[in-house]
1. State the number of residues belonging to the range 27-45 that are crowded, with 17+ Cβ neighbours inside 10 Å and either under 19 Å from residue 103 (Cα atoms) or hydroxyl-bearing (Ser, Thr, Tyr) (or both).
2. Can you name the residue in the range 84-117 that is more than 21 Å from residue 34 (Cα to Cα) and not in a loop (DSSP other than H, G, I, E, B) and is also modelled with the lowest pLDDT among such residues?
3. Would you mention how many residues in the range 82-105 are under 15 Å from residue 58 (Cβ atoms) and aromatic (Phe, Trp, Tyr)?
4. Limited to the range 13-24, what total is found for residues that are under 19 Å from the mean Cα position of the chain (by Cα), over 19 Å from residue 62 (Cα atoms) and aliphatic (A, V, I, L, M)?
5. Tell me which residues, restricted to the range 27-72, are among the basic types (Lys, Arg), part of a strand (DSSP E or B) and under 25 Å from residue 87 (Cβ atoms).
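The values are calculated or read from the model by the stated rules, or taken from the named source; none is laboratory data. Everything numeric here is computed off the predicted structure, so don't read it as measured data. Cβ atoms come from the backbone with ideal geometry, glycine included; neighbour counts cover every protein chain shown.
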Amino acid sequence: MIFLLSAFVTVSAQQWIRVNQLGYLSGDRKVAVWLSKQKTSVNEFKVVNELTGDVAFRGRTIENKVPNSAFGAACRFDFSAFAKAGSYRLEAGSAVSPVFRIGDDVYRGAADVPLNYMRQQRCGYNPFLKDSCHRYDGRIIFLPGHETDDRLYDRDIVCHFGGCTTGSEDEFCRSGWQYPDCQRLLYRHETDRR
């Protein structure tokens, strides 16, 4: 019995449908991607109402793509003509997509997830954790003209700029800052504190 179940899972996992899991706005373009390990094709896809199981839309607007080394077949389904609000899934061949929504409010609150993550991973005082981390991680390695001034090299320097998981300088490099800019900012901050 277990062998048959695992064989079924293996066979059924050879085709996939990728959708926008946040959802689609009613009046916008709606496209999904169908992928298959085998060299096969589909000539129709269905938009199925998740609550009732009824087929809400049948589509034939399929743009076939050139197979590649990873997939024997690939295509894009365009179901932009379907705009009725609700929760749906796509079906084509043996593939079933994750559930997605269509509506005018699908992006409402979408920024909350990444913003909460960024707040949660913040260095310094973290209001999410109500605690601080990496408070004195900065170290002066080389400061031209001050090589003999040991007071500068044995100090704790406040250095909590970025995210705990990404590294401080990495976050600023991605947002347009460069590591030398961070160094100059630290030096200026420490100079101003004296």
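1. The total comes to 3.
2. Looking at the filtered set, the residue picked out is 117.
3. Within the range 82-105, residues that are under 15 Å from residue 58 (Cβ atoms) and aromatic (Phe, Trp, Tyr) number 2.
4. 1
5. 46, 58
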